[in-house]
Amino acid sequence: MKKIVMLLTTLLLLIGLGYPAGTGRASAAAAPSYEEISTFVDGKLIISASKSVLVNGSSYVPVKLLNQIPDISVASAGSVVTISGSKGSAKLSKDNSVLYNNSNYVAFKTLLKLGAIDGKYASSAASLFIWSTEEGKTKSNSMLYAISKLPGTMGLAVGKKVYLYGHPGSHWVTDVQYDNVSLTFTMQNEAGTIWTLDLDTYENYTLYTGELLQALRNFFNGQTVWVINSEIANSPFKNMEKASIKDLRSNPNNGNLEIIIRRANGQDINMKIEPGGNRYESITKLFYFKNPRSVTTISDKAWAAIREERVIVGMNPAEVFLAWGDPDSINEDLGYLVYGNVYLYFINNKVKYIYKM
């Protein structure tokens with residue numbers, strides 16, 4: 001029976017465990033790395049389309065946001081931009097700034113030299129914290145302490161636009177607090193309403209960031225797929241139906257993460273991605289990204305049965321797997337697979353008997 005297990009494993013490897021082609025491509029070694037990060041000033045989140053950026057490990061602040069930082073001012077004279085603070089001034093140059101998305105960004109370390117401010121970058125929250133007063137420092141450090149208590153990568157939601165299953169629209173995580181007993185997020189919705197999310201009663205994995213949604217789009221949109229019905233409850237598709245991933249979105253009515261599948265006839269099907277674990281794996285388990293018939297030989301008769309989610313005598317283990325997915329159990333000694341109350345007996349790696357108990 002070990003040959004059955006080996007064939008199933010081989011098929012999975014050939015299909016690449018469902019991952020699209022091109023994953024893992026190396027980026028250009030010489031290109032600078034830009035990562036957008038959140039900005040807090042005296043404990044208050046700056047909600048703006050212009051975000052600070054991390055460039056090769058150093059923080060840069062948009063010149064557009066400098067008027068929201070105490071003791072920092074900006075003056076322009078022609079093409080010359082001068083940044084001033086109580087400790088001095090400096091002209092924007094290639095040594096203290098970067099150009100990102102056609103906007104000027106100044107190095108945070110330059111701002112520290114010019115103004116009566118302090119701060120730090122928190123990698124666990126991908127956020128820059130700036131303070132100008134003792135009160136602002138206390139508030140910022142309180143948030144930083146709370147972030148250190150967040151489980152897993154939950155800190156990356158702080159200061160970000162997020163979506164939550166069961167909550168319509170988008171929300172900003174504007175604050176996080178820990179009172180040595182419980183953790184809470186302060187949320188602000190699109191209408192500006194402030195509300196509190198208690199992380200002690202919060203269901204894991206039902207929150208996801210706008211950055212994650214965009215990353216999923218970049219990764220999956222436009223990919224050709226073959227649908228795995230054994231992984232989709234009440235599937236509207238024919239098993240192994242060829243389709244394409246049109247888009248991913250947050251459902252505006254309930255916040256659920258959805259994937260939009262376009263069928264060959266042009267019909268779009270919206271499918272909810274169940275919350276839990278790794279979102280990439282939750283999506284890739286639903287599809288193959290290569291035609292199974294291109295990686296293993298399947299007869300027309302067997303393929304027709306697979307499309308109809310039937311198992312017939314003469315199928316090999318790989319064909320059974322494509323029709324019904326993973327078995328509930330395997331008996332290597334007696335040479336059979338179990339699917340619910342159906343037992344499939346193999347001789348020479350071919351289905352010989354099908355018994356329904």
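The values are calculated or read from the model by the stated rules, or taken from the named source; none is laboratory data. These numbers were taken from a predicted model, which means no experiment stands behind them. Neighbour counts are summed over all protein chains in view; Cβ atoms, including those assigned to glycine, are modelled from backbone coordinates with ideal geometry. In case anyone asks, the SASA skips ligands and DNA or RNA and just uses the protein heavy atoms, side chains included. Shrake-Rupley method; radii C 1.70, N 1.55, O 1.52, S 1.80 Å.
Odds and ends about this structure:
- Charge tally in the Cβ shell below 15 Å around ILE312, where Lys, Arg are +1 and Asp, Glu are -1, ILE312 excluded: +2
- Sorting the segments 111-119, 88-96 by their residues' average number of neighbouring beta-carbon atoms within 10 angstrom, most packed first, yields 111-119, 88-96.
- Residues GLU258, GLU231 ordered from highest to lowest accessible area at a 1.4 Å probe: GLU231, GLU258.
- Ellipsoid fit via the Cα gyration tensor, segment 29-90: semi-axes of 22, 17, 11 Å, each the root of five times an eigenvalue, largest first.
- P(r), alpha carbons of the chain - 20 Å bins starting at zero, rounded %: 24, 41, 26, 8, 0
- Of the residues SER123, ASN251, GLY152, the one whose Cα sits farthest toward the positive end of the charge dipole of segment 116-257, with +1 on the Cβ of Lys and Arg and -1 on the Cβ of Asp and Glu, is ASN251.
- In this structure, the residue pairs whose Cα-Cα separation is over 25 Å, taken from LYS246/LYS290; LYS44/LYS272; LYS161/LYS242; LYS290/LYS352, are LYS44/LYS272; LYS161/LYS242; LYS290/LYS352.
- For LYS139, the shell of other residues with beta-carbons less than 11 Å away shows a net charge of -2, using +1 for Lys and Arg and -1 for Asp and Glu.
- Measuring only protein heavy atoms, the 1.4 Å probe finds SER148 accessible over about 80 Å².
- Evaluated with a Cβ-only charge set (Lys, Arg +1; Asp, Glu -1), segment 212-357 carries a dipole of roughly 500 debye about its Cα centre, given to the nearest 20.
- Under a model in which nothing but the beta-carbon of Lys, Arg (+1) and Asp, Glu (-1) is charged, segment 247-313 shows a dipole of about 180 debye around its Cα centre.
- The listed peptides 75-83, 159-167, 317-325, ordered by packing as a protection proxy, come out as 317-325, 159-167, 75-83 (highest mean of other Cβ atoms within 10 Å first).
- Only Lys, Arg, Asp and Glu carry charge here, each on its Cβ (+1 for the first two, -1 for the last two); on that basis the chain has a dipole of about 1120 debye about its Cα centre.
- For THR296, net neighbour charge (Lys/Arg +1, Asp/Glu -1) across residues whose Cβ lies under 12 Å away: +1
- Helix 210-220 axis, angle to the chain major axis (alpha carbon atoms, nearest 10°): 40
- Cα-based Rg and Dmax for segment 71-214, where Dmax is the largest Cα-Cα distance (Å): 18.2, 55
- Size descriptors for segment 272-357, from the alpha-carbon set: Rg then Dmax equal 14.6, 41 Å.
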